[in-house]
1. State which residue is nearest to residue 250 (Cα to Cα) when the search covers only region 168-191 and only residues that are touching a helix residue (DSSP H, G or I) at 6+ places or on another chain (Cβ under 9 Å) and surrounded by fewer than 20 Cβ atoms within 10 Å (Cβ to Cβ).
2. Sort out which residues of region 363-399 are under 36 Å from the mean Cα position of the chain (by Cα), modelled with pLDDT of 75 or more and assigned to a loop (DSSP other than H, G, I, E, B), and write them in order of number.
3. Output the residues belonging to region 312-331 that are more than 25 Å from residue 200 (Cα to Cα) and surrounded by 17 or more Cβ atoms within 10 Å (Cβ to Cβ).
4. Testing residue 359 on (1) part of a strand (DSSP E or B); (2) surrounded by fewer than 13 Cβ atoms within 10 Å (Cβ to Cβ), one condition comes back false. Which one is that?
5. Out of 259, 288, I need the residue that is closer than 23 Å to residue 189 by Cα, out of contact with any helix residue (DSSP H, G or I) (no Cβ under 8 Å at 6 or more places or on another chain), assigned to a helix (DSSP H, G or I) and not assigned by TED's automatic domain parsing to the domain that holds residue 472. Which one?
6. Pick out the one residue from 356, 299 that is within 23 Å of residue 466 (Cα to Cα) and modelled with pLDDT under 90.
7. So is residue 334 surrounded by fewer than 20 Cβ atoms within 10 Å (Cβ to Cβ) and under 20 Å from the mean Cα position of the chain (by Cα) or not?
8. Which of the residues spanning region 410-434 are surrounded by fewer than 17 Cβ atoms within 10 Å (Cβ to Cβ) and part of a helix (DSSP H, G or I)?
C-alpha cells in the first residue's frame, strides 16, 4: 500500500506537477516582444516626463460666443439679443474674451525647441508651455507644416532643458509596446501604454504615415510623443477614431520618419521645402495596364505634364514612373512621399515605362511650395453618336459656347452615359471630354472609331482613353467595341 502510494505520487509529480511548473516558468519568462515586456514602466516614465510639456494657447474671440442663445431663424428677438450681446449693461461695447485650447508637446533640444501639432497652436496669439516641474514659459512659433500637422516652437530657458530624441519609426513593428505621455482632457501629465496596432496608415494627407496604437489617446494628447521602450520618440500623437470623442483604442501618431524631416526643415528654414516633380498621376489599374501592354500595376501613371521640372526632363503623359532616384515606386502615394522628401534642386534619375519599354530620364526638382498648380474650373458639354453606351459629340464652336468649354480644348464630348453600360462601370460621366485614344490626340468621333478599329485589328482587347474632367486628366481603359 505504501509502495503503491509512493509510486502514484512520483508519477503525479513527473507527469502532472513538473510539466505545469515548467510551463509556468516559461510563460512568465517569455518576452512579449523582441525586447521583452517590462515589469513596470515607472523607470521609463520618470526618465521621460521632464521632457514632455503641456501647451495652453489663447486667442481673442468675441464675448458673445460665450452665451450664444438658441433662437429660431427669423425670430423677431434676434436683433434684440444681438444688440444685448454686443454691449455691456452700461451701454459700452462688450470686451472681448480670451479663448483657450489645450494640447501637448515635447522638448527635442537643450536650448528649448518644442514639437507639437499645428492644430494645437493654429490661429493662437499666445502660447504658454508648462513643464513637468510646474514652470511656465512663453513660446514662439518657429515654423509650421499643415500638410503633416506639425509645428515647431521655441522657449527661452536660463538652464539647459532635458530633451528626448527621435527613434527610427521604420524599425517599429506591429505588436511592439509604446507609451503615450501628454495632457488628456486638460488633466495634466498622464501616461498610457499599449501596442502598435498597425503601420502605414493614411488619413487624409498626401504625406501621411501614421502609426496606429491602442494606447489611450484623448483630446489634449495632440502633439504629445509616442515612445518606444528605448525612450525614443517614434510618433507624434495626432488623431483618434471615435464615435463619441473619447478613446476607444484607435489612435494615430505621425511617424518620426516623417516628423524628423519636417522638423529639420523648420529648424533650418522656418518653413518646409519639398521637392516638386510637376506631374499629375494616378494608380495603374488592371484595365489600364492591359491597354498599355504592361504586366504589372506597379508604378504611377502620368496623366498630365504641365510646364515644370518633369516636362523639362522629358516625362510625357502616358509614361508609367516605376523608379525615382533609385527607389522602386509601388503606387502614387509612395511617389508623392518620396518626391516630397527629396531636396529642392536635386538632379534625380527617373525610370519610366513608355510604349512597353523602359526609359531613363533626368529631372531637376523644383519646390512644391512655390509651384502648386491651380486647379482649373469645371466645364460642361454635349451631341450625337453612340459608343460603348455613351452618346458622343464633336466639340464644335456651338457646343463649346453652349457649355462654356475653352476654345483651345480639342476632343470628343460625352453627352450622356447609359445606365448599366460598360462606360458607366468604368466611371465615365456626362461632360467628360475624350482627348486621346491609345495616346493619340483626337478631335472627332470619326477618329475615335478609326482608332478603335485599329486596336481590334491588332488583337487588342482594350483601348486607352485620356479624358479631361473638371480640368483634371485621367486615363481609363475601355474594352474595344
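1. Among residues in region 168-191 that are touching a helix residue (DSSP H, G or I) at 6+ places or on another chain (Cβ under 9 Å) and surrounded by fewer than 20 Cβ atoms within 10 Å (Cβ to Cβ), the one nearest to residue 250 (Cα to Cα) is 191.
2. 365
3. Residues of region 312-331 that are more than 25 Å from residue 200 (Cα to Cα), as a first pass: 312-319.
313, 315, 317, 318, 319 - these are the residues of region 312-331 that are more than 25 Å from residue 200 (Cα to Cα) and surrounded by 17 or more Cβ atoms within 10 Å (Cβ to Cβ).
4. Condition not satisfied by residue 359: (2).
5. Numbers: 288 fails: closer than 23 Å to residue 189 by Cα.
Of 259, 288, the one residue that is closer than 23 Å to residue 189 by Cα, out of contact with any helix residue (DSSP H, G or I) (no Cβ under 8 Å at 6 or more places or on another chain), assigned to a helix (DSSP H, G or I) and not assigned by TED's automatic domain parsing to the domain that holds residue 472 is 259.
6. Working: 299 fails: modelled with pLDDT under 90.
When all the criteria are applied, what remains is 356.
7. Working: surrounded by fewer than 20 Cβ atoms within 10 Å (Cβ to Cβ): yes; under 20 Å from the mean Cα position of the chain (by Cα): yes.
Here the answer is yes, as residue 334 does meet what is asked.
8. Of everything in region 410-434, those that are surrounded by fewer than 17 Cβ atoms within 10 Å (Cβ to Cβ) and part of a helix (DSSP H, G or I) turn out to be 422, 424, 425.
The values are calculated or read from the model by the stated rules, or taken from the named source; none is laboratory data. Values in this document were obtained by computation on a predicted structure and should not be read as measured data. Here Cβ is always computed from backbone atoms with ideal geometry, including for glycine, and neighbour counts include all displayed protein chains.
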